[in-house]
Amino acid sequence: MTKNIDSQLTVGRNLSLDENLVCDAAVRDPYTYFGELRDTDPISWNKRHRAWVITSHELVVAAVRSGSLTADRMEPFRASVAKQTQSAAVDETFRILANWMVFLDPPNHTRLRRLVSRIFAPPIVRSQTDDIREVVDALIAELPTDRTIDFIEEFAAPLPAIVIAKMLGVPPQDRILFKEWSDQLTALVFGAYDNPDRFHEAARGMLDLRDYLLGMIARFEEQPENNLISLLLEQEDGDSLTRDELISTCTLLLFGGHETTTNLIANGLLALLLAPEQMRDLRSHPELMPMAVEEFVRFDGPARAMVRLVKEDHEFGGVTLKAGERVFIVNPSANRDPLVFSDPDVLDIRRNPTGHVGFGFGLHYCLGAPLARLEGELALGAILREFPAIELAMDPTELEWNPTMLSRGLKSLSIRLGRA
């Protein structure tokens with residue numbers, strides 16, 4: 001027997017939870033917040049956000065695989081925002097975002113992924129190892145040991161921004177611009193509801209980025225170089241990306257290659273600082289780092305949720321989903337599901353959590369996951385190796401997380417480093 005919205009247990013009804021999915025409690029500790037939902041009703045209707053919230057591992061996997069849910073949510077959002085802003089710049093921003101493959105379904109998604117996946121083939125990713133290590137070493141050389149630092153500002157954020165900009169072929173003097181543009185897009189893409197100017201702020205960054213990329217594309221069309229843009233300009237089986245698809249793909253690579261990896265590195269270090277026995281184990285056995293990175297993604301990864309729209313009326317998980325309804329698929333809750341992971345709230349770098357969904361899976365498995373893993377391994381490995389003493393320089397209760405719907409990232413991470 002299925003339940004409809006009227007009879008469905010909702011967030012805030014019969015539960016001691018705030019309906020706001022980005023309230024302080026849900027942002028600070030999404031695992032307790034969504035865990036209560038998962039353990040009580042793994043698919044619930046949220047009146048405030050007018051969306052279904054899916055929290056169990058079983059239903060998260062089923063939802064991502066479902067052909068009755070669509071990732072194509074940007075066009076309806078674009079139409080809604082256009083009425084609010086009446087801004088040509090904001091509309092152009094959404095037009096570019098609508099071509100991100102993460103917002104597409106087959107066959108468009110299939111074609112784009114085929115054309116773009118070649119740049120993340122294992123040999124291409126592995127070939128970046130020395131370059132990434134060089135960036136890591138340069139940033140580490142600048143880290144002081146005589147004062148408290150913000151690990152995110154001085155290391156975790158610049159590293160992936162520099163790496164992806166370099167891979168795209170951006171000259172060193174312009175790479176800081178890419179980080180600024182990526183930051184401007186963050187509030188819009190990840191749903192920062194506390195930023196009322198997020199549409200216009202994102203538009204300013206997107207149009208500047210678009211114009212810059214057009215210049216780079218024109219240059220590499222004339223004189224190809226050893227970079228990702230030049231690779232994307234090549235044909236594959238007689239097909240190639242259009243100019244609009246190139247712009248959208250490059251903005252996606254910049255954004256995805258920056259924000260997600262920043263959070264992976266910072267959240268991973270924080271997890272170790274709060275579990276010192278795990279840090280000691282990892283220092284003693286650095287060969288465990290690849291497995292540890294998988295555990296960081298499971299335990300407190302960079303994703304907070306995925307969004308889908310219901311394509312057609314259908315029954316799912318004991319409820320009736322109606323066409324056009326929004327669905328939040330909560331990866332972190334699935335990654336802490338006790339039916340799949342033993343002691344799920346415990347960090348265990350030897351766990352090898354192959355069932356985690358921190359990078360998604362299936363059609364929309366994160367294309368840049370191999371690069372994010374490599375950066376995480378090299379970055380955290382070097383930090384642990386170069387600094388025998390690492391201390392959290394703030395009370396854990398004072399940690400502030402960005403209040404966004406889709407990402408899990410700290411505003412800052414104050415630490416002290418010691419070389420002896």
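Residues that are under 15 Å from Phe120 (Cβ atoms) and either open to solvent by less than 30 Å² (accessible area, probe 1.4 Å) or touching a Leu at 6+ places or on another chain (Cβ under 7 Å) (or both) were ranked within segment 257-276; the one that is modelled with the highest pLDDT is Thr261. Would segment 130-138 turn up any residue that is open to solvent by 20 Å² or more (accessible area, probe 1.4 Å), touching a helix residue (DSSP H, G or I) at 6+ places or on another chain (Cβ under 6 Å), over 23 Å from Ser414 (Cα atoms) and at pLDDT 90 or above? For segment 130-138, residues open to solvent by 20 Å² or more (accessible area, probe 1.4 Å), touching a helix residue (DSSP H, G or I) at 6+ places or on another chain (Cβ under 6 Å), over 23 Å from Ser414 (Cα atoms) and at pLDDT 90 or above: present.
Scanning segment 29-81 for residues that are of a type in the set (Ser, Thr, Tyr), under 27 Å from Leu104 (Cβ atoms) and open to solvent by less than 40 Å² (accessible area, probe 1.4 Å) yields Thr55, Ser56, Ser66, Ser68, Thr70. I'd like to check something: does segment 68-79 contain any residue that is of a type in the set (Asp, Glu), under 30 Å from Thr320 (Cβ atoms) and part of a loop (DSSP other than H, G, I, E, B)? Yes, segment 68-79 contains a residue that is of a type in the set (Asp, Glu), under 30 Å from Thr320 (Cβ atoms) and part of a loop (DSSP other than H, G, I, E, B).
Scanning segment 277-310 for residues that are in contact with a Gly (Cβ under 8 Å, 6 or more places away or on another chain) and open to solvent by 60 Å² or more (accessible area, probe 1.4 Å) gives a single hit, Pro286.
Residues to consider are Gly381, Gly409, Gly368; find the one that is farther than 30 Å from Trp100 by Cα, in contact (Cβ under 8 Å) with a residue 60 or more places away in the chain and of a type outside the set (A, V, I, L, M).
Values: Gly409 fails: farther than 30 Å from Trp100 by Cα; Gly368 fails: farther than 30 Å from Trp100 by Cα.
Going through Gly381, Gly409, Gly368 in turn, just one is farther than 30 Å from Trp100 by Cα, in contact (Cβ under 8 Å) with a residue 60 or more places away in the chain and of a type outside the set (A, V, I, L, M): Gly381.
The set of residues in segment 337-371 that are open to solvent by less than 50 Å² (accessible area, probe 1.4 Å), in a loop (DSSP other than H, G, I, E, B) and of a type in the set (A, V, I, L, M, F, W, C) comprises Phe341, Leu347, Ile349, Val357, Phe359, Phe361, Cys366, Leu367. Among the residues of segment 383-413, those identified as surrounded by 17 or more Cβ atoms within 10 Å (Cβ to Cβ) and of a type in the set (Gly, Ala, Ser) are Ser407, Gly409.
At pLDDT below 85 and among the polar types (S, T, N, Q): does that describe Ser182? Before you say what the answer is, go through the steps one by one.
Working: at pLDDT below 85: yes; among the polar types (S, T, N, Q): yes.
So Ser182 fits the description; yes.
Against the list (1) at pLDDT below 90; (2) open to solvent by less than 60 Å² (accessible area, probe 1.4 Å); (3) part of a loop (DSSP other than H, G, I, E, B), the condition Asp91 fails is (3). Candidates Ile124, Ile149, Ile119: the one that is in contact with a helix residue (DSSP H, G or I) (Cβ under 6 Å, 6 or more places away or on another chain) and either surrounded by 15 or more Cβ atoms within 10 Å (Cβ to Cβ) or more than 30 Å from Met74 (Cα to Cα) (or both) is Ile119. If the condition is being open to solvent by less than 50 Å² (accessible area, probe 1.4 Å), assigned to a helix (DSSP H, G or I) and in contact (Cβ under 8 Å) with a residue 12 or more places away in the chain, then segment 213-230 contributes Leu213, Met216, Ile217, Phe220, Leu228, Ile229, Ser230. Residue pairs whose Cβ atoms lie under 8 Å apart, sitting 6 or more positions apart in sequence or on different chains, and linking a residue in segment 109-131 that is touching a residue at least 40 places away in the same chain (Cβ under 8 Å) and closer than 30 Å to Ala382 by Cα to a partner that is among the β-branched types (Val, Ile, Thr) and open to solvent by 20 Å² or more (accessible area, probe 1.4 Å), are Arg118/Ile124.
All of (1) modelled with pLDDT of 90 or more; (2) under 21 Å from Met101 (Cα atoms); (3) crowded, with 18+ Cβ neighbours inside 10 Å; (4) not hydroxyl-bearing (Ser, Thr, Tyr) hold for Ala161 with one exception: (1).
The values are calculated or read from the model by the stated rules, or taken from the named source; none is laboratory data. Since the structure is predicted, the reported quantities are computational estimates derived from the model, not experimental observations. Cβ atoms come from the backbone with ideal geometry, glycine included; neighbour counts cover every protein chain shown. With ligands, DNA and RNA removed, areas are computed over all heavy atoms of the protein, side chains included. Shrake-Rupley method; radii C 1.70, N 1.55, O 1.52, S 1.80 Å.
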